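Enquirer: Right, I'll just put the structure down here and ask away after.
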Amino acid sequence: MKISPEFEQHLSIRDPDSTVQAVLLISASLRKTPSSRQDRIAKRGEVRNRLQAAAELALSEIDQVLARFGGRRLADSVDALGSLPVETTPAGIRALADASGVQAILENQRVLPMH
Amino acid sequence: MSPSSQEKISPAFEPFLAESDKNDKRDAIVIYRSTNNDLPPLRGRLKSLKEKLADIAARASVQSTAHQQVQAQLFETYGRESLKRMPKAKPQHLAMAGIGSAAFPVAMMEVTRATLPALAKQQEVVAILPNQRVSLIRPKDINYQELASHEAKSGFTWGLQELGIPDLWATTRGAEINVAVLDTGVYGKHPALQGRVKDFVMVDPLGRRIETNDSFDAGRHGTHVCGTIAGGKTADGVCIGVAPEAQLLVGAVLVGDATLLTIFEGLSWAIEKGADIVNMSLGFQYYEPQFALIFDMLIEQYGILPVAAIGNENHGNTSSPGNVRNAFSVGALEKLSPKRFEIASFSSGASLFFPGEEPIHKPDIVAPGVQVYSCIPPEKRSGGVFDYTYMDGTSMATPHTAGVAALLMSAYPDVEPERIIEVLKETARHPQGAAKRPDNRWGYGLIQPLEAMKALAS
């Protein structure tokens, strides 16, 4: 399940022509290797490179889906978490969930400090 | 599936069952199953109010009759079964009565430790709750003067004292550890934060990074949180920060209409800047289980320990990202008297059940989160300019935990974040002992930093 039940519910009540902002998480095969703090910090560049490589493979499929549903990327490339913000229609979000290079899709929901 | 007899008895009976004598009596509220009369739904917007009220009264009367029949049967069976469980020489009378006009299938019945299981065994009984006093929630009369004078005398906030932080400082004060704080920002010029803010960025609601010459706080929440993690001393000599030599990487992400996009950008920035720990005293609008993938990425790939507040929506609720399965979430502890501590009434906590999955109990641990004294951007009020204040919230408990994690990581830099989370849970103290944890109030319990440090050493 790449979309949470709550997000799915939000999609189901949206106007089919409306635009939804979401964050895609790219699938990447990353292996955890036990290491010291210094090694972990040094390894960060390697993790980012792997995510970028995985994104390059996934992006053409993602772009095709976005083009089909009149959507667009909101960033040029993935960030250090392998995430890519996009906006498209509810049907476009569901189609992105079928893309093999997409691991999960999160709605760009509001965030508040905890008062 | 019908609940078992044990499941029908509310856990709120536990103190009574543990502490009472076998024949001590206690009032119980009993919810029972009654005949369901299929009455047609109330309709007719054009009916007069008088007609509607008459309709409702007639319906209540039908329901009451059905409930009273079940109730009478229940009283008779329970009375008989209770007698068998009482000392023959001294049988007691147990009071039983319906509540109101029996419009609801609820009755008040006296129970003893011996008769409670017999009542739970009755087929019609759905749930048994101890009757308890209900009072209006009033603002508490908090004596800040007394607390302030005590903290000034000891030189530490109550949270630092309770966690045994001064003893840990003989080993480490958190040097070399970078704690990222994703919040409203920070007033980095505050005297208590001198030299602590290593880097600062603002992320706007569109997810763009904006570099500024000086750090700033769009509210005061972020500065207060930063003070608890790495603040120094107040002018009165009170230490406010758990890890006063840790370095802060502050992402002002909660500025304006913050969204998940701004959080992702803030996290990405923190990774690039070398964060070891991320403090998230923030909450999403709704439950987002997919955020577990982000926690996995932070912990397993980047070796970063994320700490998240569980929320301030009272028992029975939780907030994301703290309620995500692999989050390390924090609830708020309140000090009621020198020796008495309780979970703050506002502190969220719940168990999440999903078909085919292990239940998730949140929070994971608790830390001081009520009447927490820390720094804020200077505020003009009547009486002068104030740059310290008390705040309550799981937002305040979270930085206590992030600070403790910084101390442990500084003392044992080669230990992985998973192990630090593990020892903080394992060594936490639950008031009802290890067998009762984790629960959805205390989680594993109040963190014990000294014990955690020992566990890492062994």
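Enquirer: Please enumerate the residues belonging to segment B:297-351 that are part of a strand (DSSP E or B) and in contact with a Gly (Cβ under 8 Å, 6 or more places away or on another chain).
Expert: B:ALA308, B:ALA309, B:HIS315, B:SER329, B:VAL330, B:GLY331, B:ALA332, B:LEU333, B:GLU334, B:ILE343, B:GLY349, B:ALA350
Enquirer: Can I ask one more? Looking at the structure I just gave you, is A:ILE62 outside any loop (DSSP other than H, G, I, E, B), under 15 Å from the mean Cα position of the chain (by Cα) and either at the interface with chain B (Cβ under 8 Å from one of its Cβ atoms) or within 29 Å of B:ASP217 (Cα to Cα) (or both)? Steps first, answer last, please.
Expert: Working: outside any loop (DSSP other than H, G, I, E, B): yes; under 15 Å from the mean Cα position of the chain (by Cα): yes; either at the interface with chain B (Cβ under 8 Å from one of its Cβ atoms) or within 29 Å of B:ASP217 (Cα to Cα) (or both): no.
No, not satisfied.
Enquirer: Restricting attention to segment B:422-433, which residues are under 18 Å from B:GLY349 (Cα atoms) and surrounded by fewer than 21 Cβ atoms within 10 Å (Cβ to Cβ)? Spell out the reasoning first.
Expert: Applying the first criterion (under 18 Å from B:GLY349 (Cα atoms)) to segment B:422-433 yields B:425, B:428-432.
Of everything in segment B:422-433, those that are under 18 Å from B:GLY349 (Cα atoms) and surrounded by fewer than 21 Cβ atoms within 10 Å (Cβ to Cβ) turn out to be B:LYS425, B:ARG429, B:HIS430, B:PRO431, B:GLN432.
Enquirer: Of the conditions (1) more than 9 Å from chain B (Cβ to nearest Cβ); (2) in contact (Cβ under 8 Å) with a residue 60 or more places away in the chain; (3) surrounded by 12 or more Cβ atoms within 10 Å (Cβ to Cβ); (4) not hydrophobic (A, V, I, L, M, F, W, C), A:SER4 satisfies every one except a single condition; which number is it?
Expert: Tallying (1) more than 9 Å from chain B (Cβ to nearest Cβ); (2) in contact (Cβ under 8 Å) with a residue 60 or more places away in the chain; (3) surrounded by 12 or more Cβ atoms within 10 Å (Cβ to Cβ); (4) not hydrophobic (A, V, I, L, M, F, W, C), A:SER4 fails exactly one: (1).
Enquirer: Among the residues that make up segment B:195-203, is at least one of them touching a helix residue (DSSP H, G or I) at 6+ places or on another chain (Cβ under 8 Å) and farther than 13 Å from B:GLY227 by Cβ?
Expert: Residues of segment B:195-203 that are touching a helix residue (DSSP H, G or I) at 6+ places or on another chain (Cβ under 8 Å), as a first pass: B:196-197, B:201, B:203.
Now restrict to residues that are farther than 13 Å from B:GLY227 by Cβ: B:201, B:203.
Checked against the condition, which is being touching a helix residue (DSSP H, G or I) at 6+ places or on another chain (Cβ under 8 Å) and farther than 13 Å from B:GLY227 by Cβ, segment B:195-203 yields at least one hit.
Enquirer: Restricting the search to segment A:34-59, which residues are of a type in the set (Gly, Ala, Ser) and facing chain B (nearest Cβ under 9 Å)? Spell out how you get there, then give the answer.
Expert: Pass one, segment A:34-59, residues of a type in the set (Gly, Ala, Ser): A:35-36, A:42, A:45, A:53-55, A:58.
Once the filter is applied, which keeps residues that are of a type in the set (Gly, Ala, Ser) and facing chain B (nearest Cβ under 9 Å), segment A:34-59 yields A:SER35, A:SER36.
Enquirer: Among the residues of segment A:67-90, which ones are out of contact with any Lys or Arg (no Cβ under 6 Å at 6 or more places or on another chain), outside any loop (DSSP other than H, G, I, E, B), more than 14 Å from chain B (Cβ to nearest Cβ) and surrounded by 15 or more Cβ atoms within 10 Å (Cβ to Cβ)?
Expert: A:THR88
Enquirer: Additional query: In segment B:186-207, what residues are touching a residue at least 12 places away in the same chain (Cβ under 8 Å), assigned to a loop (DSSP other than H, G, I, E, B) and more than 31 Å from the chain's Cα centre (by Cα)? Steps first, answer last, please.
Expert: The initial filter retains those residues of segment B:186-207 that are touching a residue at least 12 places away in the same chain (Cβ under 8 Å), namely B:186-194, B:196-207.
When the remaining residues are screened for being assigned to a loop (DSSP other than H, G, I, E, B), the result is B:186-190, B:194, B:196, B:204-207.
Matches in segment B:186-207: B:LYS189, B:GLN194, B:LEU206.
Enquirer: Taking only pairs six or more apart or across chains, which ones have beta-carbon atoms under 6 Å, a first residue in segment B:429-441 that is closer than 22 Å to B:ASN323 by Cβ and in contact (Cβ under 8 Å) with a residue 60 or more places away in the chain, and a second residue that is small (Gly, Ala, Ser) and not in a loop (DSSP other than H, G, I, E, B)?
Expert: Hits for this filter: B:ASN440/B:GLY349; B:ASN440/B:ALA350; B:ASN440/B:SER351; B:ARG441/B:GLY349.
Rule-based calculations on the coordinates, nothing more; no lab input. Please read all numbers here as calculations on a predicted model, not as lab measurements. Neighbour counts are summed over all protein chains in view; Cβ atoms, including those assigned to glycine, are modelled from backbone coordinates with ideal geometry.
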